[in-house]
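All remarks here apply to the structure that follows.
Quick note: the coordinates plus some simple rules give every number you see, no bench work behind them. Being a predicted model, the structure only gives us computed values, none of them experimental. As a convention, Cβ positions derive from the backbone with ideal geometry for all residues, glycine included, and neighbour counts pool all protein chains shown.
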Amino acid sequence: MIEVQRQRKQERALLVGLEQDGVSKWDLRDSMDELRELVSSAGAEVVDTVTQRLDRPTAPYYIGKGKAELIKDSFQTQQVTSVIFENELSPAQGRNLEHLFKRKVLDRTQLILDIFAQRARSREGRLQIELAQLHYLLPRLTRMWTHLSRQTGGIGTRGPGETQLEVDRRRVQERIAKLERELEGVRNVRSVQREGRRRHQWPVASVVGYTNAGKSTLLNLLTGADVLAVDRLFATLDPTTRSFTLPNKQRMLLTDTVGFLRNLPHTLIESFKATLEEVSQADLLIHVVDVSHPRVDEHIAAVDAVLKELDALGKQTLLVFNKVDAVPNTELVSAYRTRFPRSVAISARTGEGVSTLVQALQDDVSSWRLQSEFRVPLAESGLIAEIHRVGRVLELRYEAEVAVIVAHVPPQLDQKLRLFAEK
């Protein structure tokens, strides 16, 4: 393991980005800065950054052929060992670039998958990341077999490379099916665990946020957990659940989750569904935001986009602006709190503002002690779905054209349901 880490540190990466239609120069700069952070988090050294302006990516090389040749010419002087692209490459683009560069070529998705593979510690985490890697690999298997004779066209052209490729593809598909079965077992175990927690009637809060926003530090501070909390992207992947007692003696559960990212690869979201279900099943979301970061708004939007994909957007959410100790301009923090009334400002590192956060959690959780009965017409299917999505359904039965639902619901939904509440 030590030797592997030493080799990673010796990798010298050249980063490539494309300014295309719909992507401003500033958006590209932000994206390249984040790519640089990801590369550093993976243990490699960034030696240079190259960008190009094109209307759209080219089919053969993503960038222009001339630009690709210039990049190739710079390898010797800069001792480049790998080239990493800011956006996802097609299988053909990756194959052509590796053939041209004679260097390892990765895209953003591969880089994130590599970081996840380094950080996964639990059996569940390793299963999920292997599944994501195989889903990414399957359409790109041809890149692995360029050293074999693979002829095309005409009679008698099924050479050994093609045969081996088909064998490998079948093996990968069989492995994917096996992993999916194992992860379904993990999801079932998690479901049983959640039902066990629900019998205690303890509210469950899921801590979400952009990667490196301070989620694990906050969980450690509130519950005394020992989750790894360091200043790097995706420091922790495996979810941790700990109990927390509020000042009024109400018990609640806090669950830390994997950090989100702009354009988080869909293969990762699909593969980590067993883990991310903790978010969709939570009663309350604690959205931690690094208020000292220059791209606060983009981070909030990125987290909301993932929550929407998980069908969790709209749940009762407390916005926590973290790292106020790193913001010299207090007016900036005040401005964000004004824009987002349901928010608090804290420093999970120093403890500043945490008492305000705990009081806000207590106020939110108090509403979950109350349960209501609603008689919702079956024609209001969207409203019934929303109750399931953002509330906690305790009982459901059908009478004629009405769904009778006993549930805990957040205050904003309770107002919408007053018309259907049992008197």
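When +1 charges are put on Lys and Arg Cβ atoms and -1 charges on Asp and Glu Cβ atoms, the dipole computed for the range 370-420 relative to its Cα centre reaches about 140 debye.
For each of Asp304, Asp114, Asp55, count neighbouring Cβ atoms within 10 Å of the residue's Cβ, then give the residues from fewest to most. List each step's numbers first, then the result.
Numbers: Asp304 16, Asp114 20, Asp55 8.
Listing Asp304, Asp114, Asp55 from fewest to most nearby Cβ atoms yields Asp55, Asp304, Asp114.
For the residue pairs Lys25/Lys308; Lys249/Lys416; Lys104/Lys178; Lys249/Lys315; Lys315/Lys416; Lys25/Lys72, alpha carbon separations beyond 21 Å are given by Lys25/Lys308; Lys249/Lys416; Lys104/Lys178; Lys249/Lys315; Lys25/Lys72.
Applying 1/(1 + (r/R0)^6) with R0 = 25 Å to the Cβ-Cβ distance of Asp168 and Arg126 gives a FRET efficiency near 0.75. Multiplying the residue separation of Gln415 and Lys25 by 0.36 nm and removing their Cα-Cα distance gives an extension gain of 136.0 nm. Using R0 = 35 Å, the C-beta based FRET efficiency linking Ser366 and Glu182 works out to 0.30.
When +1 charges are put on Lys and Arg Cβ atoms and -1 charges on Asp and Glu Cβ atoms, the dipole computed for the range 201-368 relative to its Cα centre reaches about 220 debye. Rg ratio for the range 271-392: its Cα radius of gyration over 2.2 N^0.38 Å, N being its residue count, equals 1.22. Note on Lys65: aspartates and glutamates with a C-alpha under 14 Å away, same-chain residues under 8 apart excluded, are Asp73, Glu98.
Hey, with R₀ at 22 Å, roughly what FRET efficiency would Arg36 and Ala335 work out to, going by the Cβ-Cβ distance, to 0.05? Walk me through the intermediate numbers first.
Details: r = 28 Å, r/R0 = 1.28.
Here the calculated transfer efficiency is 0.20.
Relative to the current alpha-carbon distance between Glu69 and Val189, full extension at 0.36 nm per residue lengthens the span by 37.9 nm. Rounded to the nearest Hz, the phi-derived 3J(HN,Hα) couplings of the range 247-253 under the Karplus curve 6.51 cos²θ - 1.76 cosθ + 1.60 (θ = phi - 60°) are x, 8, 6, 6, 8, 9, 10, where x marks glycine and proline. Counting charges near Phe340 (Lys, Arg +1; Asp, Glu -1) among other residues having Cβ under 14 Å from its Cβ returns a value of +1.
So what is the relative contact order of the range 201-368, in percent, for Cα pairs below 8 Å that sit 6 or more residues apart? Worked out over the range 201-368, it gives 24 percent.
Cβ-to-Cβ counts within 10 Å put Asp168, Asp256, Asp290 in ascending order as Asp168, Asp290, Asp256, the fewest first. Ranking of Glu380, Glu174 by neighbouring Cβ atoms within 10 Å, starting from the fewest: Glu174, Glu380.
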